[in-house]
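Here's the structure, in structure tokens; my notes come after.
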Amino acid sequence: MNFIEELKWRGMIHDMMPGTEEQLNKEMTSAYIGIDPTADSLHIGHLVSIMLMKHFQIAGHKPIALVGGATGMIGDPSGKSEERNLLDEETLRHNQQCIQIQINHFLDFSDSLPNKAEMTNNYDWMKNFSFLGFLRDVGKHISISYMMAKDSVKKRLETGISFTEFTYQLVQGYDFLWLYENKNCKLQMGGSDQWGNITTGTELIRRKTGGEAFALTCPLITKADGGKFGKTESGNIWLDPAKTSPYHFYQFWLNCSDDDAEKYIKIFTLFSKSEIDALIEQHRVEPHLRLLQKAIAKEVTSNVHSEKDYQSAVEASEILFGKGTYETLNKLDEQTLLSVFDGVPRFNIAKSSLTDGIDIVDFLCEHTQIFPSKSEARRMLKENGVQLNKTRIGESYKLTTANLLNQKYLLVQKGKKNYYLVVTNENEYD
RNA sequence: GGGGAGAUACCAGAGCGGUCAAAUGGGACAGACUGUAAAUCUGUUGGCGCAGCCUUCGGAGGUUCGAAUCCUCCUCUCCCCA
């Protein structure tokens, strides 16, 4: 199965330029995908691009990951309703380094490979490009009407777009031209929102060099309920374990809806068509087993983090959602307890404050900041939404040292999924 | 530069002198159901020493027994004309 066929059954092709498939069949081709270094970690939205490149490399072609140091300084108007904040160079460099480390998990950068993956930063060739030079060498080839016809620009004309963002497509187009000329890169891939920017690149290549370059986009990942993919109440799902713990990362995939899971397993795992078909079929018979979600969660968590992180995420999940009761919780040794709740918000209080017993409401708002106000804590307690060490408690509950797990810890649960670990210290001032 | 409209809780948006801690919708959170799902139903959604009190309707003053509501000034946003 070639690259295009592979992507097709996975539902990863939104659009491509005529001739793309022929080009790929003809020879080993280089393709690039741009990544905006807006943060010091990728999030799972980027995973789609990474998987695209992964498949591309598996199919024997050469993927180039382009970090948009220069373009990140300008801001892509696509899909944005407002002008963007600009990033400074230091931040961009730092972000690039972090991103590189994460991409290393997925693509093969070994020198021995003819199609080894590469990473570049467009800042390197843009930083010394003079303004006049750019106007003469790039701007001259593209007309205003061509640029204005792009959706990303059209949508913003009403609300306002700066000259800087208007120019964005030229800068990205130039990237493509540069890679075409210097690295023989003939294809640019990206999300479907990038189509306009990509075609400015192919147009520029055609007009300036007479050469032919291609475009391929994948659909933007959506959720069946219309929500934004990759976001939870608490924000983005990051690949950096310091930003999103492996446990939460695992939970994200496990919580996908059935419809989404059927889609995601094709995009985010490398399972073969027959394996996936079998899984889907089985999942439809016994949906409550959530085989699909578990398969995705296992695969993606192991790839992004590690096999070991996956194992502990499963363990933690079993304790938290399985038959977890006060008894099982109390049986855990300190080591296990801490590893299970690694990444869970943590509060420290003095052990001495418990000796006389404290009011649960005071405990929840004053000693810890689990609730922002006492009203909210009371409300939630009335609604039966608070659990202490897996046991539901009421508004008038008094907390004493007898509640401590391992003489040291308290597990507070707000609703079903929000856990807080409270650690007591012997020392008042610790 | 001239003229007009507006600013209300997380968002949208009613209220236009007392009965307003502020309708309604969305979102969010919780409970029931369940598969840690979806759908559905129920409840909550300013604070506190919670049958009561305190602080909120862009900001600062003023009128009034009483202001989100009326007046003055200021700040900001949007629209139209030049």
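In table form, for the structure just shown:
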item: Exposure ranking of A:Arg290, A:Arg156 by accessible area [1.4 Å probe, largest first]; result: A:Arg290, A:Arg156
item: Between 0 and 90°, nearest 10: helix A:89-104 axis offset from chain A longest Cα axis; result: 80
item: Per residue Cα convex hull volume in Å³ - calculated over chain A; result: 180
item: Count of lysine pairs in segment A:101-248 with Cα separation under 18 Å (8 or more residues apart, or interchain); result: 8
item: Cα-based reach from A:Lys26 at 16 Å (exclusive), listing aspartates and glutamates while leaving out same-chain residues under 8 positions away; result: A:Glu5, A:Glu212
item: Accessible area of segment A:230-371 belonging to carbon and sulfur atoms, whole % at 1.4 Å probe; result: 49
item: Estimated 222 nm signal from helices in chain A, with DSSP H stretches of n ≥ 4 weighted -39500 (n - 2.57), rounded to 500; result: -13000 deg cm²/dmol
item: Residue pairs, from the table A:Lys331/A:Lys390; A:Lys266/A:Lys414; A:Lys54/A:Lys263, whose Cα atoms sit over 23 Å apart; result: A:Lys266/A:Lys414
item: Additional length obtainable on full extension of the chain from A:Asp193 to A:Thr91, 0.36 nm per residue less Cα span; result: 34.2 nm
item: Per residue value of the accessible surface for chain A (all protein chains in place, 1.4 Å probe), Å²; result: 48
item: Cα long-axis angle, helix A:258-268 against chain A (0 to 90 degrees, to the nearest 10); result: 50
item: For chain A, built as a Gaussian network whose Cα springs stay under 10 Å, the top-fluctuating residue of A:Lys294, A:Lys331, A:Lys150; result: A:Lys331
item: Largest to smallest accessible area among A:Trp253, A:Trp195 [probe 1.4 Å]; result: A:Trp195, A:Trp253
item: Calculated FRET efficiency for the pair A:Glu327/A:Lys398, C-beta based, R₀ 25 Å, to 0.05; result: 0.70
item: Exposure of A:Phe163 as accessible area (Å², to 10), given a probe of 1.4 Å and all protein chains; result: 130
item: Label-point separation, A:Thr209 to A:Lys223 (7 Å along Cα→Cβ), nm; result: 4.2
item: Quotient of C-alpha Rg and 2.2 N^0.38 Å, computed over segment A:175-317; result: 1.33
item: Pairs of alpha carbons in segment A:312-367 whose separation is greater than 14 Å (percent); result: 65
item: Those residues of segment A:38-77 whose amide nitrogen sits under 19 Å from the label point placed on A:Gln23, 7 Å along Cα→Cβ; result: A:49-50, A:52-67
item: FRET efficiency, 1/(1 + (r/R0)^6) with R0 51 Å, evaluated for A:Glu383 and A:Lys116 via beta carbons; result: 0.35
item: Amide N of segment A:238-274 lying under 18 Å from the label point, which is placed 7 angstrom from the Cα of A:Trp9 along Cα→Cβ; result: A:262-274
item: Lys, Arg +1 and Asp, Glu -1 on Cβ, resulting dipole of chain A about Cα centre, debye, nearest 20; result: 640
item: On Cα atoms only, tilt of A:46-58 relative to the major axis of chain A in degrees; result: 60
item: A:Glu334-A:Lys155 pseudo-label distance in nm [points 7 Å out on the Cα-to-Cβ vector]; result: 5.4
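The values are calculated or read from the model by the stated rules, or taken from the named source; none is laboratory data. The shown structure was predicted, so the numbers you read here are calculated from the model rather than taken from an experiment. For neighbour counting, all protein chains shown are included, and Cβ atoms are generated from backbone atoms with ideal geometry for every residue, glycine included. Just the protein is used for accessible areas: all its heavy atoms, side chains included, with ligands, DNA and RNA removed. Shrake-Rupley method; radii C 1.70, N 1.55, O 1.52, S 1.80 Å.
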